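Asker: Below: one structure in structure tokens.
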Amino acid sequence: MRWSTAFIPTLKEDPADAEVISHKLLVRAGMIRQVSRGIYDYLPLALRVIRKIETIVREELDRAGAQELLLPIASPAELWQESGRWELYGKDLLRFKDRHERDFCLGPTHEEVITDLVRRVVRSYRELPLNLYQIQTKFRDEVRPRFGLMRGREFIMKDAYSFHADMEDCRREYQNMFDTYKRIFTRCGLKFRPVEADTGAIGGSLSHEFQVLAESGEDAIVSCGSCDYAANVQKAEVKPHRPSARDLKDSSPPLRKVATPDKKSVAEVANFLSLPPEKFVKTIVYKVDGSELVAALVRGDHEINELKLRATLHREEVILADEAEVEKATGVAPGFLGPIGLKLRILADRAVQGMRGAVTGANEINAHYVDVDQERDFTPSAFADLRMAVAGEPCPRCEQGRLESYRGIEVGQVFYLGKKYSETMAATYLDPEGRERAMEMGCYGIGISRLLAAAIEQNHDENGIIWPLAIAPLQILLLPINYKEERIQNVTNELYRDLLKRGLEVLLDDRDERPGVKFKDGDLIGIPLRVILGAKGLEKGRLEVRQRRDGKTEEISVEKAAEAIQAMIAEALKA
RNA sequence: CGGGGCGUGGCUCAGCUUGGUAGAGCGCACGGUUCGGGACCGUGAAGUCGGUGGUUCAAAUCCACUCGCCCCGACCA
């Protein structure tokens, strides 16, 4: 590839609308351009990276026994109505009508479509298991697309779906995909961590996310310093709390009501009363499945985890009650709510159990109780793990470990779905006894375009991108200092042809630009190996090879250059 | 959906408060000098000032509406 004729529109300055580094660098390196919010053109260099990632994904999935197919991007409403997601999926699902006024949507994911296919084909346990995947553009009309390719509306995804006769086989495939994902991300040259995850809108009961570790990540994850426990904070368990002996022995002063005019939040009241937030009990009212109101209690310095609340209640939908609903049910505005005398079902986080000298709302405007003693003054219907885990607390799985927190970019997720879709959509088969049974399913996604951004978030410096060799758009940058000079041009061209003949991927910077411009552009687009051909070196029959990542440079002879470079690439790819 | 910000040559921005016929740097074209980390000199092309409507003798500038883009939030009392 010759730079002079390539479509690589680099920019000297950061684009005005980019915030995160991967977005800035992708645009500056001439790899993407925005078309609309969350929608981008992929220019040639970006597409090359995408193809590389896709190739790795295909090789590993094929090796793991999955088969590639391609499903349509538009699907009819009927399938989504059948699974119930036409209603449930909400506005992220981009809907439209065809010329016959029939409802369609752009696929945000393909459980319905694939399940429909498989149920129409598979009849017998003999045809199972199956693992089918595709690499395709998805569309989710995100509330707030942001950060370039990290959260786009249109994005490229690999999605795989597996079908099994029984749970054991499905679990086996889950593990198979888990291991395959580890190989894929390792081959892509990324630092990542698999973590336990919530199943979200996709559904199911077991899930891991693969998080690329990066400060700019949207997800908070925690992991144990001494064992291999790691989880998304959404999912992370909290070690069961035991009230300390001292807490239990202290006698508490009597309950008192104090005036707290206009002080609603824990921070406000804590400041007003000069008490630390951990002495507070927050009372939060939720509407469960659209009707019942339930109060949840967590300590003032903790955050409630709604996913845990939902799981504890065994209900589908748990949303915060609005102010009017709360007032109607309790007679008081949120901000002054407390468990004492509250006429609602109350669930409490374990950390609330046995609290003494606590502060709660008084269920009366502008008033709070102090010196609240949980055991003496109120009894929730149950104690459960309801809060977010935080860094520094004990590991829920091992004795000595403490949790550390990180930021991550989710680039893959594996789900055990069970029969969620096969039952609602009647994807059944006949077992050896001739009984009709619903298939067990799993699904497995990788955000290809997001992976591109994540790789940059993790691999860049002040000068630009530093591609891991395995996914670099090209492997070698040939940089003649003065290409117009005949001798340099001849040597460069010869080396270029030789490298191409050896099957290497080479970008030849044959532009009539000053060296500084070429160096800057080269660093920006991040090609791993840079070969510099300058007049001084060539006089001695030598050229320079420089690593983009660490700047390490070595001189090699021109005659052996192609062979030496090929060896360097081969060596690096092996590592 | 709520809050904030921005929209002016290809890019990054100034000009707007206080209305008077549009600027800079980079990029681009041409000529010359240069040539190992974003050169220098000269010449030049390029902008319906996001759109619509209004106020005014006069609007990039003031007003209204609208479209687009960015950021924060959109559930923790």
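Asker: Please give me the summed charge of the neighbours of residue A:10: other residues whose Cβ is under 13 Å from its Cβ, Lys and Arg +1, Asp and Glu -1.
Answerer: Overall, the nearby charge balance is +1.
Asker: At 7 Å along Cα-to-Cβ for each site, give me the label-to-label distance between residue A:324 and residue A:143 in nm.
Answerer: Taking the two extended label points, one gets 2.1 nm.
Asker: How large is the helix-only mean residue ellipticity at 222 nm for chain A, computed as the sum of -39500 (n - 2.57) over DSSP H runs with n ≥ 4, divided by its residue count, in deg cm²/dmol to the nearest 500?
Answerer: -8500 deg cm²/dmol
Asker: Same structure again: Expected output is a single nm value to one decimal: the length gained when fully extending between residue A:391 and residue A:267, i.e. 0.36 nm times separation in residues minus the C-alpha distance. What is it?
Answerer: Between residue A:391 and residue A:267, full extension yields 42.6 nm more.
Asker: Consider a paramagnetic label point 7 Å from the Cα of residue A:564 along Cα→Cβ; state which residues of segment A:465-483 have an amide N under 18 Å from it.
Answerer: Of the residues in segment A:465-483, A:476-481 have backbone N under 18 Å from the label point off residue A:564.
Asker: By per-residue mean of other Cβ atoms within 10 Å, what is the highest-first order of A:38-45, A:155-162?
Answerer: Result, highest mean Cβ count within 10 Å first: A:155-162, A:38-45.
Asker: If I take every Cα pair under 8 Å that is 6 or more residues apart in segment A:268-323, average their sequence separation and divide by the length, what percent do I get for the relative contact order?
Answerer: Relative contact order here is 34 percent.
Asker: For a label point 7 angstrom out from the Cα of residue A:316 toward its Cβ, which stretches of segment A:393-433 have the backbone nitrogen within less than 20 Å?
Answerer: Backbone N within reach: A:417-427.
Asker: Once you have a ≥ b ≥ c as the square roots of the Cα gyration tensor eigenvalues for segment A:245-384, tell me rounded if a/c is under 1.5, and otherwise prolate or oblate according to whether a/b is larger than b/c.
Answerer: Because a/c hits 1.5 or more and a/b fails to exceed b/c, segment A:245-384 counts as oblate.
Asker: Checking the a/c ratio against 1.5 first, then a/b against b/c, what shape does the Cα gyration tensor give for segment A:510-575?
Answerer: oblate
Asker: If you don't mind, another one. Where Lys and Arg each count +1 and Asp and Glu each count -1, what net charge lies around residue A:287 among other residues with Cβ under 13 Å from its Cβ?
Answerer: Residues near residue A:287 contribute -4 overall.
Asker: Still on this structure: Would you report the distance distribution of C-alpha pairs in segment A:134-233 as whole percents per 5 angstrom bin, up to the bin with the largest distance?
Answerer: Per 5 Å bin, starting at zero, the Cα-Cα P(r) for segment A:134-233 comes out as 2, 10, 15, 22, 25, 15, 8, 3, 0 percent.
Asker: Taking all protein chains together and a probe of 1.4 Å, list A:550, A:371 from the most accessible to the least accessible.
Answerer: So the residues, ranked largest to smallest area, are A:550, A:371.
Asker: To continue, here is another question. Can you tell me the relative contact order of chain A? Whole percent, Cα pairs under 8 Å, sequence separation 6 or more.
Answerer: 17 percent.
Asker: If you don't mind, there's one more thing I want to ask. Sort out for me the Cα centre separation of segment A:478-495 from segment A:1-69, rounded to whole Å.
Answerer: 29 Å
Asker: Would you calculate the separation in nanometres between label points at residue A:98 and residue A:183, each defined as 7 Å from the Cα along the Cα-to-beta-carbon direction?
Answerer: 4.0 nm
Asker: Can you list the trypsin sites (Lys or Arg not before Pro) in segment A:420-509 that are in a DSSP coil and have 11 or fewer other beta carbons within 10 angstrom?
Answerer: A:435, A:484
Asker: Kindly point out, ordered by number, any Cys in chain A whose beta-carbon has no other cysteine beta-carbon under 4.7 Å away.
Answerer: A:105, A:170, A:188, A:443
Asker: Another one. Computed over the Cα atoms of chain A, what is the ratio Rg over Rh, Rh following Kirkwood?
Answerer: Computed over Cα atoms, the ratio is 1.07.
Asker: Only loop residues by DSSP count here, and only those with at most 16 other Cβ atoms within 10 Å; note down the GluC sites (Glu not before Pro) in segment A:276-316 that meet that.
Answerer: A:303, A:316
Asker: Relative to the present Cα-Cα distance, how much length would full extension add between residue A:365 and residue A:345 at 0.36 nm per residue of separation?
Answerer: Gain on stretching residue A:365 to residue A:345: 5.1 nm.
Asker: Starting from the Cα of residue A:435, step 7 Å along the direction of its Cβ; do the same at residue A:127; then give the gap between the two resulting points in nm.
Answerer: Between residue A:435 and residue A:127, the simple spin-label model gives 2.1 nm.
Asker: Find, among the trypsin sites (Lys or Arg not before Pro) in segment A:264-367, those assigned to loop by DSSP (not H, G, I, E, B) with at most 12 other beta-carbon atoms within 10 angstrom.
Answerer: A:343
Asker: Highest mean first, how do A:78-90, A:374-386 rank when packing is the count of other Cβ atoms within 10 Å averaged over residues?
Answerer: The most tightly packed comes first, giving A:374-386, A:78-90.
Asker: Further question: Any chance you could run the full-extension gain for residue A:73 through residue A:557? It's 0.36 nm times the residue separation minus the Cα-Cα distance, nm to one decimal.
Answerer: Length gained, residue A:73 through residue A:557: 169.0 nm.
Asker: How many angstrom lie between the C-alpha centres of segment A:303-338 and segment A:100-153?
Answerer: Value for the Cα centre distance between the two parts: 34 Å.
The values are calculated or read from the model by the stated rules, or taken from the named source; none is laboratory data. The model shown is predicted, which means the values in this text are computed figures rather than measured ones. So basically every Cβ, Gly included, is an ideal-geometry build from the backbone, and we count neighbours across all protein chains shown. With ligands, DNA and RNA removed, areas are computed over all heavy atoms of the protein, side chains included. Shrake-Rupley method; radii C 1.70, N 1.55, O 1.52, S 1.80 Å.
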